[in-house]
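Since the structure comes first, as structure tokens, the remarks are kept for the end.
The values are calculated or read from the model by the stated rules, or taken from the named source; none is laboratory data. Owing to the predicted nature of the structure, the values given are computational and were not obtained by experimental measurement. We place every Cβ from the backbone using ideal geometry, glycine too, and count neighbours over all the protein chains shown.
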């Protein structure tokens, strides 16, 4: 007999997942082109005269990068959960409403206009991508609202069309500029995790953690919304408020992730699905577990990306698709006898 | 005591007016069926009664207060709705589905209390769904699923229950089961039940009051035996109707032009 989720069970699961995340982060921080030994990392932090290279690599290169992967993975997986339930569409991912093309357009505009300043350590590409992402999703939401409050199809169509339109504008800008700088944009758009400033990391982490906690707070209402807005409303849920809050948080965390690391595909699609297949659709459980699993997944993927063809590096987006795709299909086939969400 | 009062209610979509100046009062503990041809606004009326739509003119009062003055949460304490066959995209289990109706009562951290669990178990027992409480909603038959949604509405513990065609996809046995279940909750728990239905015969057997809506804006509201007559049904639905009686209850059978025995009936109609 399937038991209802209890506080104790949930706490235990979250603690376990968190422990796994810590172990994975630790293990991955020891992998890399340069072999480092833990002993010497903890031996000394070095003196101004003689720096300890192992400590330098561990603290200033490996750790920030792993923390970044962790933040971005968590953000994308959490946002994926939210978009899937709000759009009641299993194919939804954080980019479905045009964030990707909005971010792309923003970054191309930054390149074309040739800005060279930085904002909190972020390049103009990242800043413009953030503005593009958040602006696009607002535009899509606004258009979707015009088609009707509860009209999910209208929202999806608006997303698809805005996506196509912005993609065309991107192509246009690329054709007319023919700048060699365009290459850097394309590489950036493929999804790339690199070493980051500590201030940027903590700001990003702060937003993502706050967002996840807020989403957890409304997860029982998200369960009700899985049954459709009408049903949720007649069960006493203030659907427009919950929808707006969930949407805003997911859009913001996705935009932050895009700003930090470009477009990393697949995490926001397969992690929520994978977790749902194993643990069920209850958002009180799905949301925290997906967030942590997303972090684990991206830390591992990024470690592969920087070690597989070392000393060169692959864009992590390639790894997430190559590793995640087949893994997800296996999980899907294995569990399809007990779950069925798209043949009904 | 009237639990619902509808006064001069009108509603129009941009293309068509569906309800015009409808007024009626529902006594607490009544089982009301809303019947009428497709497109007369039965489901619209249900949405107006559950505040899913706002009336153009007129008012709906629940317990003496206008429906618009209730907060979403307060209204959910008065009215529970069972909508037409719907399967959520994510596979919740039966007990999870029923528990979701308690969402607004959850304690801190978003978990159900002991009371919520008792209420849900009782709803599962009453609807005879406790036996498959742990199964997934998507793995149930249509009849079982409908009972689960009724269980969910019961667990909401409201004095009023609205149902939109609760038996439309069900076989004879399950149709009767659902109406038996509704009748029991009406009599035992004193709930006011409003069901939109196409099944005039079930309505005649189980419901106390009938609201018959016609497509030209006329309507007829009253005791089931007075409203469901051959003349009225023929007039509203525009088909030949034959009616008979089993003890005190009437039944109605439509006969179309191409029915096998249509010729033999000629142009006659009425009570057999």
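For the reader, a short list of remarks on this structure follows.
- Residue in the range B:105-112 that is surrounded by fewer than 19 Cβ atoms within 10 Å (Cβ to Cβ) and modelled with pLDDT of 90 or more present: no
- Members of the range A:252-265 that are surrounded by fewer than 24 Cβ atoms within 10 Å (Cβ to Cβ) and either within 17 Å of residue A:287 (Cβ to Cβ) or within 14 Å of chain B (Cβ to nearest Cβ) (or both): A:252
- One residue alone among B:170, B:154, B:162 is touching a residue at least 60 places away in the same chain (Cβ under 8 Å) and not in a helix (DSSP H, G or I), and that residue is B:162.
- Check on residue B:32, part of a helix (DSSP H, G or I), away from chain A (no Cβ under 14 Å), crowded, with 22+ Cβ neighbours inside 10 Å and out of contact with any helix residue (DSSP H, G or I) (no Cβ under 6 Å at 6 or more places or on another chain): no
- Total residues in the range B:230-264, condition part of a loop (DSSP other than H, G, I, E, B) and touching a strand residue (DSSP E or B) at 6+ places or on another chain (Cβ under 8 Å): 3
- Residues of the range A:257-315 that are in a helix (DSSP H, G or I) and in contact with a strand residue (DSSP E or B) (Cβ under 8 Å, 6 or more places away or on another chain): A:259 alone.
- The one condition in (1) at pLDDT 90 or above; (2) more than 10 Å from chain A (Cβ to nearest Cβ) that residue B:84 fails to fulfil: (1)
- In this entry, residue A:307 is excluded by the filter for residues that are more than 13 Å from chain B (Cβ to nearest Cβ), more than 30 Å from residue B:151 (Cβ to Cβ) and buried (at least 24 other Cβ atoms within 10 Å of the Cβ).
This table checks each residue for (1) more than 23 Å from residue B:20 (Cβ to Cβ); (2) assigned by TED's automatic domain parsing to the domain that holds residue B:48.
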position	(1), (2)
B:173	yes, yes
B:177	yes, yes
B:198	no, yes
B:249	yes, no
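- Positions within the range B:12-26 being more than 13 Å from every other protein chain (Cβ to nearest Cβ), free of Cβ contacts under 8 Å to residues at least 40 places away in the same chain and out of contact with any helix residue (DSSP H, G or I) (no Cβ under 8 Å at 6 or more places or on another chain), in sequence order: B:15, B:16, B:23, B:25
- Number of residues in the range A:76-111 that are part of a loop (DSSP other than H, G, I, E, B), within 13 Å of chain B (Cβ to nearest Cβ) and closer than 18 Å to residue A:274 by Cβ: the value is 4.
- Residue in the range A:221-241 that is within 12 Å of another protein chain (Cβ to nearest Cβ), at pLDDT 90 or above, assigned to a helix (DSSP H, G or I) and in contact with a strand residue (DSSP E or B) (Cβ under 6 Å, 6 or more places away or on another chain) present: yes
- Cβ-Cβ distances below 6 Å connect the following pairs, each with a first residue in the range A:326-339 that is more than 10 Å from chain B (Cβ to nearest Cβ) and over 22 Å from residue B:137 (Cβ atoms), a second residue that is modelled with pLDDT of 75 or more and assigned to a helix (DSSP H, G or I), and a separation of six or more residues or different chains: A:328/A:270.
- Complete set of residues in the range B:37-72 that are more than 13 Å from every other protein chain (Cβ to nearest Cβ), touching a helix residue (DSSP H, G or I) at 6+ places or on another chain (Cβ under 6 Å) and not in a strand (DSSP E or B): B:37, B:55
- Members of the range B:117-129 that are crowded, with 18+ Cβ neighbours inside 10 Å and more than 10 Å from every other protein chain (Cβ to nearest Cβ): B:119, B:123, B:124, B:126, B:127, B:129
- Qualifying residue in the range B:256-272 (condition: within 20 Å of the chain's Cα centre (by Cα) and over 19 Å from residue B:41 (Cβ atoms)): no
- Matching residues, the range B:223-238, being loosely packed, with under 14 Cβ neighbours inside 10 Å and free of Cβ contacts under 8 Å to residues at least 60 places away in the same chain: B:223, B:225, B:226, B:231
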